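Input: a single structure, listed below in structure tokens.
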Protein chains: 4
Amino acid sequence: MKKLIIILFLIAAVTVTTFAQRKIVNLPDLPGYVTLKCDFHLHTVFSDGNVWPTVRVGEAWRDGLDAIAITDHIEYTPKKDFIPVDHNAAWKISEITARDFNIILVHGTEITRKMPPGHMNALFIQDASLLAVDSVMDVYAEAIKQGAFLLWNHPGWKSQEPDGIPKIYNIHKTLVEKGWLHGIEFFNHTEYYPLVMTFCRQYNLAVIANSDMHGVISEEYSDPIYTNRPMTLVFAKERTHDALKEAMFAGRTLAYFRDMIAGGEEYAKPFFYQCISVGKPYLENEKSVYFEVTNRADVPFYLVNGIPEAPQSITLAANGITRVVVSKKVTSPLTYDVKNVLTGENEVLKIELKY
Amino acid sequence: MKKLIIILFLIAAVTVTTFAQRKIVNLPDLPGYVTLKCDFHLHTVFSDGNVWPTVRVGEAWRDGLDAIAITDHIEYTPKKDFIPVDHNAAWKISEITARDFNIILVHGTEITRKMPPGHMNALFIQDASLLAVDSVMDVYAEAIKQGAFLLWNHPGWKSQEPDGIPKIYNIHKTLVEKGWLHGIEFFNHTEYYPLVMTFCRQYNLAVIANSDMHGVISEEYSDPIYTNRPMTLVFAKERTHDALKEAMFAGRTLAYFRDMIAGGEEYAKPFFYQCISVGKPYLENEKSVYFEVTNRADVPFYLVNGIPEAPQSITLAANGITRVVVSKKVTSPLTYDVKNVLTGENEVLKIELKY
Amino acid sequence: MKKLIIILFLIAAVTVTTFAQRKIVNLPDLPGYVTLKCDFHLHTVFSDGNVWPTVRVGEAWRDGLDAIAITDHIEYTPKKDFIPVDHNAAWKISEITARDFNIILVHGTEITRKMPPGHMNALFIQDASLLAVDSVMDVYAEAIKQGAFLLWNHPGWKSQEPDGIPKIYNIHKTLVEKGWLHGIEFFNHTEYYPLVMTFCRQYNLAVIANSDMHGVISEEYSDPIYTNRPMTLVFAKERTHDALKEAMFAGRTLAYFRDMIAGGEEYAKPFFYQCISVGKPYLENEKSVYFEVTNRADVPFYLVNGIPEAPQSITLAANGITRVVVSKKVTSPLTYDVKNVLTGENEVLKIELKY
Amino acid sequence: MKKLIIILFLIAAVTVTTFAQRKIVNLPDLPGYVTLKCDFHLHTVFSDGNVWPTVRVGEAWRDGLDAIAITDHIEYTPKKDFIPVDHNAAWKISEITARDFNIILVHGTEITRKMPPGHMNALFIQDASLLAVDSVMDVYAEAIKQGAFLLWNHPGWKSQEPDGIPKIYNIHKTLVEKGWLHGIEFFNHTEYYPLVMTFCRQYNLAVIANSDMHGVISEEYSDPIYTNRPMTLVFAKERTHDALKEAMFAGRTLAYFRDMIAGGEEYAKPFFYQCISVGKPYLENEKSVYFEVTNRADVPFYLVNGIPEAPQSITLAANGITRVVVSKKVTSPLTYDVKNVLTGENEVLKIELKY
């Protein structure tokens, strides 16, 4: 019998390893939509990245993602002395692995120009090699011809905008007018650009979060403060490549990274309410009412600006249960601003807790 | 704008601390029942423990438990030179804290005798001080008079059974005949006793898991192999003290610790199926069918003894998604033994995966 | 042979547990002195703490401390309905355990008064019960009569100083004039008070860091940002109770917590140089010289304000090796301010890197 | 002043990231020798690995290694449709990075043949392309001509030896007779082969430990049970490429992985004594003597088979301090077998603790 003890307990030690399994990302679906977790900006050895394309699929699978795009630079191929330039190679290599691991692989590339216009990802393309042309407007035209979703990357990247502030140049206006620009990165790698919220609202563009990974995802986000890599949450009608594409062009996205969510209130509000559930009061005495709020998501919520006599701030920890004690002088619902859910450059989500 | 960046990201660093919040224990309810996570064996400074009673409530709240019993020894009070003996003190001190934190506090004590009969917890009592009498049968009679659930603790504890093997003595038989024995610890602290499965089945007793903690829970189970402390899962009609008591006497329990579940098949089987969900095949080629199994529980499942041509073993990692590739030569469902779900001393749960 | 593999590898899993062993705190001795790591402010169930006194010794042993003082409140004993007041009980109970575990146990207590004068620890006393008298000056007189080191605790604690700023009141001046005040806490629990640096310099007092722990050390400092609990580093002639006492009265201390060191330059400077070693250049090309700096201490050093053409800032990670690339335009040594080593309220340590 | 608090504490959160610094591997030098930590078996995209060669240098730097060899397969280049075969490419690409990061880069390759003879690494070569010839003996001859150290890799690899037991075939005997075989892997990736100890002793070969990494080191060894990747400890006269080579050919190595050390007693014994220090007794009573043993190495030591009346087994935890209580009936020194330091296939190191 002792042997059984040893055998069963032994297994546990071996299964601690986290890299052989797919993680469950705790971010809820919205009513009527499935939430696809996506990273649309990844590099490999076919431009200036340091890993083979299939590595990106394996990382995505373990990280619990639904979709990725490998977006090697068209114009920057520093390894070309050893690896002949082939703008579709990463796509060809990773396609089969993606299918085997049930990852939606979006065919993409990064059009890599000085600012303006800066770097743009073309997603949902057919043939990246046709984008290797000189004139930037010709490149965009070809991408659009292939049905591309054009995404403006890291618009406040200090190497291109030394003050860190994204700016709309004429070429961006032209793209918007032509209907050729579809999204902007709010989060890139570990940075973010508040002004993107204003641009996206003004021009009706999708708010995007990507890792822009050149190295190894698990190393770059190894700090425990990073529960997940940056992810674009896309609210799709179903979990397919085409439904993802439809949702992207329709702008049904939220940008998520660290302890922040950014995007339109129409998605941020139902997202918040899908994450949390407010329990019935479990105790009432002369002075107070006690209840619990359960947050089943990987993102915490920092509630601030409570009404008088109510708690002024409440942190709803990620994957945790928060105990709330409220004076009987106030009545349900409580109203709060959610400090870390940005619905605009200077706006945060307003919510109610009904108990 | 930069200021906003700093402020929002700063918060994350502060909220990393895990001890200010209540954890969600991922163990599902059963159809018709709510699963109460319980630890019925805890000590404090009022016997030979090292913490104040309210600490036990705080630990339980953070650990996501629903119910605990503080069970200080009646007969062993080594701190009495400094703390006058009061067998109800821990109960009185922690009762209010438990109510404030929505923890069901079961009034209990440990009747601490040589083997036989060994140590027994009396749970759901009214007054522990009345149990401080010499004759062990008189103690049990008084406990039963108070409505106690009698639980035989660590029956194979080497200090009392040097060979580590639990034995049924005459006094245990007498207790069973009188209907005075209601449960036995299968797991105690970090040990377990396979024979308990046979005793519980033979005498129709509840299978129990407790920590028997004297020190600090978070320190004793700090190793990452311990996702949770030992817990008795009680399948109650609702989350109340009385419903808990009813379920305990009805024997609706499973014992859970580390990567093991032990108890009757009637609870183990639906528990398993509530933990996992099998996805529809996402890929089929000439040779194989591909599908995913999602396990949303904190306990992994080790499937073994697969049918010919199917994977011989599959590990369904805790809170993870497992990819299964099956030859087209076999047809759904696959059958497996679940190596770490014990339904008897030498029996494990048998299950099917339908895809 | 396979059996050997299993046996040897099995052991590792079991020894992962960190609470059964004594940790090595990596903080160097100073030339001529041994560095004693101390926490002089701890509570137990004998005042408003939640653990038994021996727990404090066990924690200290595991945390790699050399000395502790248990300092239960004289005037605040909220558990007295259950635990009769005995101001020397914690000392009596923990003395033997301390000897068994080679921890220097300093007999202490906390004199707990409103501000002014606030809370004061009396360390190195003989009988705490004699300090239970009304007049605060009488208490201090008795403590001094017993040979006490008087330590002013958390002088900017918001419950007593709502603006968080410590203030010198007349009673403090009187104490200083009489030579009755010997140290002030710069760090308390997770707070610190920059002004303490000015007070300590002005009045020639020891700079102190303590945990003021009421709960469980490992839980309070569980966040990975806390490598160690707050510690007073005392530079003693040898590792004995009496040498510790001599060093304390001589003011040979540094306060350490998180990523900060605070105290007089005469200790901070040699401490820094004992922590780090600068390697010889391993590479030189036309433009640059390359060398490594090894920091063998648990505390990082943030070097800032580098000279022109040298790196403006260098982080010497704790227990790590930092690679430095310097232009050939500059010559050794480089000079830096060490941002996180405070030698005064508004002063930081200035150091040189010779390569 | 508050601002200072925020600024200083903020920094800590940012520096938690572990991948931007070089780790200190705690493994001591031997008297007269510097201990070089080495991994001589690594793959890149130039054969069947998944990372760019410079990644291997970065990993080695962060992992605290002194030397590595990149050893892509000569005969197996599955990425050749995308990356033209160039057996020296990984060497050329990583050479400059290695110099910049002070890593000794050994020029190597893997001669990849069926068993017998199986896979062999040629280390310290000049031109890998000259090893791309058919006859295996011709390859070895060319390697030897270039001054190679020939290392037999994973001799018990189940893909080549289904029973997992390494075997000496005629070709291995021939190599030994010619003086062309210089070392054998005892540890490879996460496996090890006890019989290698016998082979190495019989034929006077170096005992080697390598990772054989194809993916990402930090992911493969992410489990906390792996303090470090597998390492060959080479006892060199100085930290240079040539001194490393001299030490390798002289067979001055130990193989290290997880909680095990394997190699000749002449190196294992001084290594053990350099790791630990035994303190003077700090307490003596009628029955017992108390002292501490400090182990400053990353490897624990499991002492077993103690003499009568002494502790039968003692675990000297890695980077920890162990308290030993010995009966006065025994006298110093205590003798032990070190269960996890293998000096032969069935032999472990015997040591003394003098207190």
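The values are calculated or read from the model by the stated rules, or taken from the named source; none is laboratory data. Just so it is clear, the model here is predicted, and its values are computed rather than measured. Cβ placement follows ideal geometry from the backbone for every residue including glycine, while neighbour counts extend to all protein chains displayed. Areas reflect the complete protein model, heavy atoms only, side chains present, ligands, DNA and RNA absent. Shrake-Rupley method; radii C 1.70, N 1.55, O 1.52, S 1.80 Å.
Please enumerate the residues belonging to segment D:130-140 that are small (G, A, S) and surrounded by fewer than 13 Cβ atoms within 10 Å (Cβ to Cβ). Step through it out loud before you land on a result.
In the first step, residues of segment D:130-140 are kept if they are small (G, A, S); the result is D:132, D:135.
Selection gives D:S135 alone.
Scanning segment D:234-271 for residues that are open to solvent by less than 20 Å² (accessible area, probe 1.4 Å) and of a type in the set (F, W, Y) turns up D:F235, D:Y256, D:F257, D:F271. Scan segment A:130-176 for residues that are under 23 Å from A:A250 (Cβ atoms) and among the aromatic types (F, W, Y) and jot them down. The answer is A:Y140, A:F149, A:W152.
Scanning segment A:280-298 for residues that are surrounded by fewer than 19 Cβ atoms within 10 Å (Cβ to Cβ), in contact (Cβ under 8 Å) with a residue 60 or more places away in the chain and in contact with a helix residue (DSSP H, G or I) (Cβ under 7 Å, 6 or more places away or on another chain) returns a single hit, A:R296.
For residues in segment A:30-72 being of a type in the set (G, A, S) and closer than 22 Å to A:A89 by Cα, which is surrounded by the fewest Cβ atoms within 10 Å (Cβ to Cβ)? Spell out how you get there, then give the answer.
Looking only at segment A:30-72, we keep the residues that are of a type in the set (G, A, S), and these are A:32, A:47, A:49, A:58, A:60, A:64, A:67, A:69.
From what's left, closer than 22 Å to A:A89 by Cα: A:47, A:49, A:58, A:60, A:67, A:69.
Working: A:S47: 25, A:G49: 26, A:G58: 21, A:A60: 27, A:A67: 26, A:A69: 27.
Among them, the one singled out is A:G58.
Rundown of residues vs (1) open to solvent by 10 Å² or more (accessible area, probe 1.4 Å); (2) of a type in the set (G, A, S); (3) free of Cβ contacts under 8 Å to residues at least 12 places away in the same chain, yes/no style:
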| site | (1), (2), (3) |
| --- | --- |
| A:I74 | yes, no, no |
| A:P78 | yes, no, no |
| A:A89 | no, yes, no |
| A:K92 | yes, no, yes |
| A:R99 | yes, no, yes |
| A:L105 | yes, no, no |
| A:G108 | no, yes, no |
| A:R113 | yes, no, no |
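Selection of first residues in segment A:319-340 that are facing chain B (nearest Cβ under 7 Å) and of second residues that are part of a loop (DSSP other than H, G, I, E, B) and β-branched (V, I, T), restricted to Cβ pairs under 9 Å at least 6 apart or on distinct chains, gives the following pairs, ordered by first then second residue: A:N319/A:T227; A:N319/B:I24; A:G320/B:T18; A:G320/B:I24; A:I321/B:I24; A:N340/A:V299. Can we say C:F82 is at pLDDT 95 or above and hydrophobic (A, V, I, L, M, F, W, C)? Criteria met by C:F82.
Can you tell me which residues in segment C:152-170 are away from chain D (no Cβ under 14 Å), touching a residue at least 12 places away in the same chain (Cβ under 8 Å) and either crowded, with 16+ Cβ neighbours inside 10 Å or within 21 Å of C:F40 (Cβ to Cβ) (or both)? Matches in segment C:152-170: C:W152, C:N153, C:H154, C:W157, C:Q160, C:I168. A:K329 fulfils the conditions (1) part of a strand (DSSP E or B); (2) open to solvent by 50 Å² or more (accessible area, probe 1.4 Å) except for a single criterion, (1). When residues in segment A:299-326 are screened for being over 15 Å from A:Y336 (Cβ atoms) and open to solvent by less than 10 Å² (accessible area, probe 1.4 Å), 2 of them pass. Selection of segment A:15-73 for residues being of a type in the set (K, R) and within 14 Å of chain B (Cβ to nearest Cβ) yields A:R22, A:K23, A:K37, A:R62. The residues in segment D:309-318 that are more than 14 Å from chain C (Cβ to nearest Cβ) and out of contact with any Gly (no Cβ under 7 Å at 6 or more places or on another chain) can be counted, and the count is 3.
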